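Working notes, beginning with the structure itself.
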Amino acid sequence: MPGLIDVHAHFIPDWYADEARAAGHVESIDGMPGWPAWSEDAHLALMEANGIDRSLLSLSAPGLHFGDDAAAVSLARRTNDFAAEIASRRPDAFGVFASLPLPAVDASVAEAVRALDELGADGIAVKTNIHGAYLADPAFEPVWAALDERDAVVFVHPTAAPGAEVTTFGRPSPMLEYLLDTTRTFVDLAVSGVLERFLRIRWIAPHTGGVLPLVATRISMFQEAFGERLAGDRAAVGTDTLARLLPSLWFDLAGTPLPSAAPALVAAVGHDHLLYGSDWCFTPPPLVAAQIAGLDAGWGDLTDPGWRELTTRNARTLLGGR
């Protein structure tokens, strides 16, 4: 049985957490209490205990831009160098989805090129929104152009939407808002035409795509009925529908894929782009183990082969055999 490849795995260096706390992220991250502990040894122990062969390291919320472009650029370089050093020592166990200092666009293009071309990163990690600017914002197009030129993998991680304290009623954003913000940014990427203009980017949507499988046909109905009127405040609008574009995306199974989310996803997109994700270290080890056990017990007839073989094969395809 092949070991798992974890495309949704986080790392938190102590010095990064210190900078985030100094910027005001002290008591919680998007409503989640405190900061989870992380170390390379603890990560390796979790992998060994759960049959995970390789983990792709990425930052979660709150990201690394805390209001100052120069500080964000410095923190991005330090964070990406740190992760790349771990991966260079243990390429069998770790890979890297590098972070960018968005919304600093020119600096983000430069850091993306450095991370992919010099550090050998496996891809790039971005948040669903950056201080309220969503990924289809025209200002970010130079970043997507640079990543499209490199056939880059882009892992999209949710964060709280602007004003989330109202829509979450004071509850943690990961409980519901993360799923909705994932859906929100991918709908915008599709309707605005970004997914069509940058077809060589391989986008990963986390948590079985939020509620994308459930709303794709409704969004597509609006696209077909109203066309150019959906441009809104965007400069362009796409011509292809979300339902037709959805199978080109990649989806991790982090969170609660069963009993409902994974079957809906498979029905919408098939199974060739499904990936495994643990969401450690924000997901405690007992829940990581429970999710794997649940997939082992409940996958049933969704695909042949089973989910382990399937997601590992898909990840190797996505990552070029790595």
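When each of Ala115, Ala125, Ala161 is tested for being within 15 Å of the chain's Cα centre (by Cα) and either in a loop (DSSP other than H, G, I, E, B) or surrounded by 18 or more Cβ atoms within 10 Å (Cβ to Cβ) (or both), the lone residue that passes is Ala125. Sub-6 Å Cβ pairs linking a first residue in segment 149-173 that is within 30 Å of Ala115 (Cα to Cα) and in contact (Cβ under 8 Å) with a residue 24 or more places away in the chain to a second residue that is among the basic types (Lys, Arg) and in a strand (DSSP E or B), at least 6 apart or interchain, are Val153/Arg202; His157/Lys127; Thr159/Lys127, ordered by first then second residue. Of everything in segment 278-304 that's crowded, with 19+ Cβ neighbours inside 10 Å and out of contact with any Phe, Trp or Tyr (no Cβ under 9 Å at 6 or more places or on another chain), which residue is modelled with the lowest pLDDT? This residue is Leu302. Residues that are among the small types (Gly, Ala, Ser) and closer than 11 Å to Gly209 by Cβ within segment 256-291 comprise Ala261, Ala262, Ala264, Ala268, listed in sequence order. When the criteria are applied in full, Ser248 meets the requirement of being closer than 21 Å to Thr217 by Cα, modelled with pLDDT of 95 or more and in contact with a helix residue (DSSP H, G or I) (Cβ under 9 Å, 6 or more places away or on another chain).
Conditions (1) more than 18 Å from Arg89 (Cα to Cα); (2) assigned to a helix (DSSP H, G or I); (3) touching a residue at least 24 places away in the same chain (Cβ under 8 Å); (4) not small (Gly, Ala, Ser), marked per residue:
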residue	(1), (2), (3), (4)
Ala17	yes, yes, no, no
Trp35	yes, no, no, yes
Asp41	no, yes, no, yes
Ala45	no, yes, no, no
Leu56	no, no, yes, yes
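The residue that is farthest from His273 (Cα to Cα), counting only those in segment 226-245 that are in contact with a Ser or Thr (Cβ under 9 Å, 6 or more places away or on another chain) and free of Cβ contacts under 8 Å to residues at least 40 places away in the same chain, is Gly232.
Per-residue answers, yes or no, for (1) more than 19 Å from Leu195 (Cα to Cα); (2) not in a loop (DSSP other than H, G, I, E, B):
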site	(1), (2)
Glu224	no, yes
Leu230	no, yes
Ala235	no, no
Thr239	no, no
Leu246	no, yes
Thr256	yes, no
Cys281	yes, no
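Of the residues making up segment 129-158, those that are surrounded by 15 or more Cβ atoms within 10 Å (Cβ to Cβ) and part of a helix (DSSP H, G or I) are Phe140, Glu141, Val143, Trp144, Ala146, Leu147, Asp148. Note on segment 164-213: among residues that are surrounded by 18 or more Cβ atoms within 10 Å (Cβ to Cβ) and charged (D, E, K, R), the one that is farthest from Ser58 (Cα to Cα) is Asp188.
The values are calculated or read from the model by the stated rules, or taken from the named source; none is laboratory data. Here the structure is a predicted model, which means the values were calculated and not measured. Using ideal geometry, Cβ is built from the backbone for each residue, glycine included, and neighbour counts are taken over all protein chains shown.
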